[in-house]
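What follows draws every value from the coordinates through simple rules; no lab data is involved. Quick caveat, the model's predicted, so the values are computed rather than measured. With ideal geometry, Cβ positions are generated from the backbone for all residues, glycine too; neighbour counts draw on all protein chains shown.
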Amino acid sequence: MFLHGYPLNGFQWWSVIDRLSAHRRCIAPDFIGLGYTEAPLTQDVSPQAQADMIIAFLDALELPAIDIVASDSGGTVAQILAAQNFTRVRSLLLANCYAPARMVWGTAAPAFGVEWAYWLDKTLPNSRGPSRRRCESVLSRRAARSNC
């Protein structure tokens, strides 16, 4: 399943789907209120509402588990899906995404920071650039606040 960001729609994935569809079933739904969907002005379009819609969509298609590729704000929805429905997400690929840990993990935010630190150490062992320093700084402040 391919999840787009704001203000795009599922069409952003057409070239990827064109290449992968011979090997896997590919689905790129539009989020509520974006793309070709219509929604009343009072419709909740929060990341949580979008994640709930995706779960209902999976239920309607009778898909027990999926692989997710997400970009931009679609990554927030994907992380909520993975955190709240981990048995339904086989794999997760995020591109150019960010989501506040509390939005995704709720009270598990400190554990998320520890997992991120582990990933950072394993993925960027020789990196000394500004991205690594910024991540280390953010993780240090988060750890100090949460006593983890």
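Points to keep in mind about this one:
- Net length gained if the chain between Ala60 and Asn96 were fully extended (0.36 nm per residue, minus Cα distance): 10.0 nm
- Using only the C-alpha atoms, the convex hull of segment 2-99 corresponds to 99 Å³ per residue.
- Couplings 3J(HN,Hα) of segment 44-56, computed from phi: 6, 10, 5, x, 5, 5, 5, 5, 4, 5, 5, 4, 4 Hz, in residue order, whole Hz [Karplus 6.51 cos²θ - 1.76 cosθ + 1.60, θ = phi - 60°; x for Gly and Pro].
- Amide H to amide H distances under 5 Å link Leu92 with Ile68, where only residues 5 or more positions off or on other chains count and H is placed in the peptide plane.
- Segments 73-84, 9-20 sorted - mean Cβ within 10 Å per residue, highest first: 73-84, 9-20
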